[in-house]
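A.B. asks: My structure is below; once you've seen it, I'll send some questions.
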Amino acid sequence: MEKEQAECDNLADLLAQVTKHIEQFQRFEHVDAVQNKVDWLDALNIKLPQQGIGANRVIEELGLHVIPNGSQLAKPGCTSYITTAGTDIAAVAILAGNSASPQRVGITAFNYLESLALQWLAEMLGIPADMQGILSSGGSTANLIGLGAARQRAFERIGLDPANDGVQRACRIYATEHSHHTIHRSAAVLGMGRNSVVHIPVDKMMRMSIPELKKQLEIDKKSDALPVAIVANAGSTNTGSIDPLAEIAAIAADYNIWFHIDGAYGLPGTLDPAVHDLYKGLELADSITVDPHKWLGASVGIGATFVRDTRALQQTFSQGGADYLDTTTVDDEKVENSMDSIGFPYHDLGVELSAPARGVVVWALLREIGVEGMKSRVCRHNAMAKWLAEQANNHPNLELILEPTLSICCFRYVHENAQDLNQLNKNIHRQLMKNGVNIPSTTQLDGQYVIRPCFLGARTAWHHVEDLLDEVLKIGNELIS
Ligand SMILES: Cc1ncc(COP(=O)(O)O)c(C=O)c1O
């Protein structure tokens, strides 16, 4: 019989080999991937191999050409966007799931953790225990799932079933311009169209304006468009602002509209006593999203949605039965093998059938450091943004553009000799990127180009915020002189 060529029983040895390269990467002493691009492209850009080189040589190539040319996002000084590298236990747990539970099916400890992780997330973040949770690949999918259920309920109220018959009417989703574009894409994918998202103006703190929301709802009462959802940010991507959740909840109830909260980034902020009260009203939402792969330090590919109306959720995403799945019908008392049941039917609550075990990662994160550990991370990062804001307020060459709500601080360098502050701050950012140590991203607020670090990574410590401040001032001073 021909032997299987892929290594299938040598994992420990292979891991020992690759671990050395990962450890080396995590010292963050290597040059940036762009600077080596010619070399790694040259080494990796080869023809489709007809013959393999074996696992040991693959690891050698990983160590030589791939791992050292990985992403800056893993760096503790990288405060770009809203993303980071998972913690060590997340990497271990994802590997464990990959090896011991390659699917989210069956009566297994992994599948038990899928549900337990959702329960723990809900309890930690103040999400009502009776909301149905589901883990998915991240905030994009998590928002799609919540808005899918919203669409279902809105149409059912007028006697239509969009899951079966499609969308037959113009729709409205109310959000602010600071809502993540996955809201718009969800509207597109769900057949309502990006243009169904109406931007409600914001107040000075970049929060949804309640009078403006009411005004728009009154205008739309006279139109044919079907109101599907009001989407609030619990931590916007741009600035970390939190929309007035309790007031929006009351309006959503008055107008009988689904209330969705996008807390992909900011929901864990509720653990910080300094801002906890801003989350009041969360418990009134119809759907809520939060991404363990952001602030909680999970490996990428893990988002969560919680939905109050499980029936609407199921009606939207149910994939229906199939003959090859008939083991799911074994009665509980007759179960003799973990494959006798598919386990909890998560595949009917979202867009994936095949899916990795994700609960094990969330379980491992919380088991490792508990709620207290998460709370101290969130408080540390929020305090960093506050500290930076104070420095920006007090330094003659810095300007705070928006008081931080969570762990994002929007500020810029200023100087009386500067003619174009936007260009100057762009140039400062270019130089930060070139130096490659402190890597914030930028954004635009009211036409002002600002530097926008988001403190989120588990490896990001106090000296990183101090280093960033020093470097911005140093570059700014150099450019101006
Ligand atoms: C508020 C918010 N919602 C949704 C998303 C999309 O999440 P993902 O990138 O995990 O799909 C992001 C990403 O940063 C976000 O900040």
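The values are calculated or read from the model by the stated rules, or taken from the named source; none is laboratory data. Keep in mind it's a predicted model, so treat the numbers as computed, not measured. Positions of Cβ are generated from backbone atoms using ideal geometry, with glycine treated the same way; all protein chains shown enter the neighbour counts. Only protein heavy atoms, including side chains, enter the accessible area calculation; ligands, DNA and RNA are left aside. Shrake-Rupley method; radii C 1.70, N 1.55, O 1.52, S 1.80 Å.
A.B. asks: Translational diffusion coefficient, Stokes-Einstein: compute it for segment 298-444 using the Kirkwood radius over C-alpha pairs as Rh, at 20 °C and 1.002 mPa s, and state it as an integer in µm² s⁻¹.
C.D. replies: Roughly 103 µm²/s, to the nearest whole number.
A.B. asks: Would you mind pulling out the separation of the Cα centroids of segment 251-310 and segment 127-143, in Å?
C.D. replies: Answer, in whole Å: 9.
A.B. asks: Ok, one more. In whole Hz and in residue order, list the ³J(HN,Hα) couplings for segment 158-172 that follow from phi through the Karplus curve 6.51 cos²θ - 1.76 cosθ + 1.60, θ = phi - 60°; x for Gly and Pro.
C.D. replies: Karplus values, whole Hz, x for Gly and Pro: 10, x, 10, 10, x, 4, 8, 10, x, 8, 10, 8, 5, 10, 9.
A.B. asks: Determine one quarter of the surface area of the Cα convex hull of segment 31-161, which equals its mean projected area, and express it in nm² to one decimal.
C.D. replies: Average of the hull's projected areas for segment 31-161 equals 14.1 nm².
A.B. asks: Can you tell me the order of 232-243, 300-311 when each peptide is scored by its average per-residue count of other Cβ atoms within 10 angstrom, highest first?
C.D. replies: Ranked by mean Cβ neighbours within 10 Å, highest first: 232-243, 300-311.
A.B. asks: Leaving ligands and nucleic acids out of the surface, order 71, 407 by accessible area at 1.4 Å, largest first.
C.D. replies: 71, 407
A.B. asks: Moving on. If you count, for each residue, the other Cβ atoms within 10 Å and average over each peptide, how do 433-446, 50-63 line up from highest to lowest?
C.D. replies: Per-residue Cβ counts within 10 Å, averaged per peptide and sorted highest first, yield 433-446, 50-63.
A.B. asks: What does the net charge come to around residue 268 if you take all other residues with beta carbon closer than 10 Å to its beta carbon, with K and R at +1 and D and E at -1?
C.D. replies: +1
A.B. asks: Sort the following peptides by mean Cβ neighbour count (other Cβ atoms within 10 Å, averaged over residues), highest first: 194-206, 175-187, 154-166.
C.D. replies: The peptides rank, most packed first, as 175-187, 194-206, 154-166.
A.B. asks: Give the distance, in whole Å, between the Cα centre of segment 32-101 and the Cα centre of segment 414-481.
C.D. replies: 28 Å
A.B. asks: With all pairs of different alpha carbon atoms counted, what Kirkwood hydrodynamic radius in Å does segment 1-100 show?
C.D. replies: 15.8 Å
A.B. asks: Another one. Over the alpha carbons of segment 130-226, what is the largest minus smallest coordinate on each principal axis, giving the biggest first in Å?
C.D. replies: In descending order, the Cα extents are 40, 34, 28 Å.
A.B. asks: Show the residues, 5+ positions off or on another chain, whose built amide H is closer than 5 Å to the amide H of residue 300.
C.D. replies: For residue 300, the qualifying residues are 86.
A.B. asks: Please give the direction-averaged projected area of the C-alpha convex hull for segment 180-324, in square nanometres with one decimal.
C.D. replies: If you wrap the Cα atoms of segment 180-324 in a convex hull and average its projections, you get 10.8 nm².
A.B. asks: Please compute, for the alpha-carbon atoms of segment 376-416, the extent along each of the three principal axes and give them in descending order in Å.
C.D. replies: So the extents along the principal axes, rounded to whole Å, are 39, 13, 10.
A.B. asks: Take the Cα atoms of segment 374-481, build their convex hull, and give its volume per residue in Å³. Provide the component values of the computation, followed by the final result.
C.D. replies: On the way: hull volume 9.6 nm³, N = 108.
Spelled out: Cα convex hull of segment 374-481, divided by residues, is 89 Å³.
A.B. asks: Let me ask you something else. Please enumerate, by chain and number, the aspartates and glutamates with C-alpha under 20 Å from the C-alpha of residue 434, excluding those fewer than 8 residues away in the same chain.
C.D. replies: The reachable aspartates and glutamates, counting only those whose Cα sits under 20 Å from residue 434, are 29, 32, 39, 466, 467, 470, 471, 478.
A.B. asks: May I ask for the net charge around residue 350, where only other residues with Cβ less than 14 Å from the Cβ of residue 350 are counted and Lys, Arg are +1 while Asp, Glu are -1?
C.D. replies: Result for the neighbourhood of residue 350: -1.
A.B. asks: What's the percent breakdown of Cα-Cα distances in segment 269-338 across 5 Å bins, shortest bin first?
C.D. replies: That works out to 3, 11, 12, 14, 15, 16, 12, 8, 6, 4, 1, in percent per bin.
A.B. asks: Based on the alpha carbon coordinates of the chain, what radius of gyration and maximum Cα-Cα distance (Dmax) apply, in Å?
C.D. replies: Over the chain's Cα set, Rg and Dmax evaluate to 24.3, 80 Å.
A.B. asks: To continue, here is another question. DSSP beta bridges in the chain, what fraction antiparallel, as a percent rounded to 5?
C.D. replies: In the chain, DSSP labels about 55 percent of beta bridges as antiparallel.
A.B. asks: For the chain, what does -39500 (n - 2.57) per DSSP helix run (n ≥ 4), summed and divided by total residues, give at 222 nm, in deg cm²/dmol to the nearest 500?
C.D. replies: -13000 deg cm²/dmol
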